[in-house]
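Let me begin by presenting the structure, written as structure tokens, before commenting on it.
The values are calculated or read from the model by the stated rules, or taken from the named source; none is laboratory data. As the structure is a prediction and not an experimental result, all values here were calculated from the model. Note that we place each Cβ from the backbone using ideal geometry, even for glycine, and neighbour counts take in every protein chain shown. The area values use the complete protein model at the heavy-atom level, side chains included, leaving out ligands, DNA and RNA. Shrake-Rupley method; radii C 1.70, N 1.55, O 1.52, S 1.80 Å.
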Amino acid sequence: MKRILTAVCLTAMTMTAVAQEAHFSYFKYAGNDARFQQQYDAEKQYLNPILAGFYPDPSICRVGDTYYLVNSSFAFFPGVPIFESKDLMNWKQTGHVLDRPSQLPLDGQGVSRGIFAPDIKYNAKNKTYYMITTSMRMGNFFVKTQDPHKGWSEPIPLPQIDGIDPSFFFDKDGSAYIVHNGPVDGGADYEGQRAIRIFRFDTKGDTIIGKHSQIVRGGTHVQEQPIWIEGPHLYRIDKYYYLMCAEGGTGDWHSEVIFRAPVKSDITDPASWEECPHNPILTQRDLYDYVTGGHSPLPQDVVTSTGHADLVQTPKGDWYAVFLGCRPYEGPFYNTGRDTYLLPVTWKDGWPTILEKGKPVPTVVTMAHAAAAKTEQPSHFTGNFEYTDRFDTPQLNLRWIFLRNPEMNRFSWGAGKGLTIRPSRADISQREPLSAIFCRQQHNCFSAETEVSFTPKDGKDLAGLALLQNEQYNFVFGKTLLDGKAAIVLQRAEKESAILAGSAFVDTAAPIRLKIESQGRYYSFYYAIGTNGKWQAVATGVDGINLSTSRSGGFIGACIGLYATAAQ
């Protein structure tokens, strides 16, 4: 990704400048959540979530002393962020798996379409890494590489898979399999019933062998009609094969369940599999009464909707699980999306448990056999932190992503000039490539600010900040023309309605600073004129519940954008 964006960026910088551009001199973010104010020993302990913000559907593998982790990216480009760690506690993003438009066509895709539930695995037999996923446009496919730092192949389609959430399993004898969520053979018995299917896979031909077998019909405790069994992963551990799946949907009833089959059995035969007697092995659905209609206040470090897990073993033999969870600020409402969490796994009678029933997800966790790797710089993935980006290097920081495939000639950065965006006609409500770059909202309590220079010529011209949940649920905050006069405006969109939530006229050509502050559900918006101007409120205590997944639908978390649009 770095080499591609660098080349395009330098090309864009040599283009003849157009008359109308938006210049952003910096972006500053600061997060300050109460849950992260706990004391902990960074040499032996870590904070949950390990990846805060919109980092859902984690999958993990270890090769030698290095762990690799990927997440869903939906309609953002580049797609599938990939992280590395030497100790499971300190993570560094090294790039994206899908960093070319040929790997990830996103034209016309809604925000929560695109890429779902990637799975990363390493096949020791051919020394190859595989990432397999579901695309809402291309169907199921995988890419591969022998070195994640040198890029990944073009997509290899798997049209035989009817369903979602495929995952590879490479056995010790060289045999390979794909498991996935699919429709129930013969038709569902009730709404929400799904199945787990398995295919044999030929690693030499990169093809599926034969027809699928249905190894789980419905899920666990089938007499209770479980719904949405998905996100399957297969493992071989000691005397058993294990099949671990998410169940109950991705909301408050989310959970993780597991089955096992003896190593000497046929894992494509549904009769080989038995259900764990203490399923689910991870859930938070029985802890908070709002799930069943109650309204008790939530603790400041609450985590809900846990599930979609993956297991990994350390070189010392310890087992850990990564999984997604949510941090609501009120009832079922959260704006930060689905984070990635990490917990140790315990074993009893040949069955694993990620978290005992009735226990909340802890924020501070002590590692077994901890040997924290030294980090060169803060990761900005967990805890309270702040950063300032001045866009003064040839590469964009990997935190920045585009919505759909970007028109890169509309962007330039580097050489101490900050970020320049040439506006397009597309606005935030359209399923078009936007003239915008986005980063994730990672805290319930945060501030974000920028300085923008922009001369609007029309009431449809605007440059500034955006808060995005999807095309119909968002905020836009920037400089435009209002009644023919230059003004700072705040627009709040929910469903079909976009309202003017605040405005202030500005009779100046000086740069404008913009700032957003959030305290959970409520957001405040400020502007200042010039570098040293005093902050002035445009609107305070504005309801930001429209940025929550429970209100808006979809699968992402709120993203903060540097954004520009124009009539021409």
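Quick look at the values:
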{"quantity": "Residue in segment 225-235 that is under 28 Å from the mean Cα position of the chain (by Cα), part of a strand (DSSP E or B) and surrounded by fewer than 20 Cβ atoms within 10 Å (Cβ to Cβ) present", "calculated": "yes"}
{"quantity": "Any hit, segment 368-376, residues being under 30 Å from Tyr288 (Cα atoms) and out of contact with any His (no Cβ under 9 Å at 6 or more places or on another chain)", "calculated": "yes"}
{"quantity": "Set Ile198, Ile161, Ile209: member being part of a strand (DSSP E or B), crowded, with 16+ Cβ neighbours inside 10 Å and among the β-branched types (Val, Ile, Thr)", "calculated": "Ile198"}
{"quantity": "Unique match (being under 18 Å from Ile437 (Cα atoms) and open to solvent by 10 Å² or more (accessible area, probe 1.4 Å)) among Arg492, Arg513, Arg521", "calculated": "Arg513"}
{"quantity": "Qualifying residue in segment 103-113 (condition: out of contact with any Cys (no Cβ under 7 Å at 6 or more places or on another chain), of a type in the set (Gly, Ala, Ser) and farther than 30 Å from Ser435 by Cβ)", "calculated": "no"}
{"quantity": "Residue list for segment 489-516, filter: over 16 Å from Asn546 (Cα atoms) and assigned to a strand (DSSP E or B)", "calculated": "Val489, Gly502, Ser503, Ala504, Phe505, Ile512, Arg513, Leu514, Lys515"}
{"quantity": "Cβ-Cβ under 7 Å pairs, at least 6 apart or on other chains, segment 273-285 side within 16 Å of Asp349 (Cα to Cα) and among the polar types (S, T, N, Q), far side modelled with pLDDT of 95 or more and part of a strand (DSSP E or B)", "calculated": "Asn279/Val257; Asn279/Ile258"}
{"quantity": "Members of segment 381-440 found to be aromatic (Phe, Trp, Tyr), at negative phi and touching a residue at least 40 places away in the same chain (Cβ under 8 Å), listed by number", "calculated": "Phe381, Phe385, Tyr387, Phe402, Phe411, Trp413, Phe438"}
{"quantity": "Residue check for Val291: more than 28 Å from Lys172 (Cα to Cα), open to solvent by 10 Å² or more (accessible area, probe 1.4 Å) and at pLDDT below 95", "calculated": "yes"}
{"quantity": "Matching option when the condition is without any contact (Cβ under 8 Å) to a residue 60 or more places away in the chain, more than 14 Å from Trp228 (Cβ to Cβ), of a type outside the set (A, V, I, L, M, F, W, C) and open to solvent by 40 Å² or more (accessible area, probe 1.4 Å), among Lys172, Lys150", "calculated": "Lys150"}
{"quantity": "Search result, residues across segment 58-81 that are open to solvent by 10 Å² or more (accessible area, probe 1.4 Å) and either small (Gly, Ala, Ser) or in a loop (DSSP other than H, G, I, E, B) (or both)", "calculated": "Gly64, Asp65"}
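Listed here are the residues, each with its yes/no results for (1) in contact (Cβ under 8 Å) with a residue 40 or more places away in the chain; (2) under 24 Å from Tyr67 (Cβ atoms).
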position: Leu106; (1), (2): yes, no
position: Gly139; (1), (2): no, no
position: Gly163; (1), (2): no, no
position: Pro166; (1), (2): yes, yes
position: Ala176; (1), (2): yes, yes
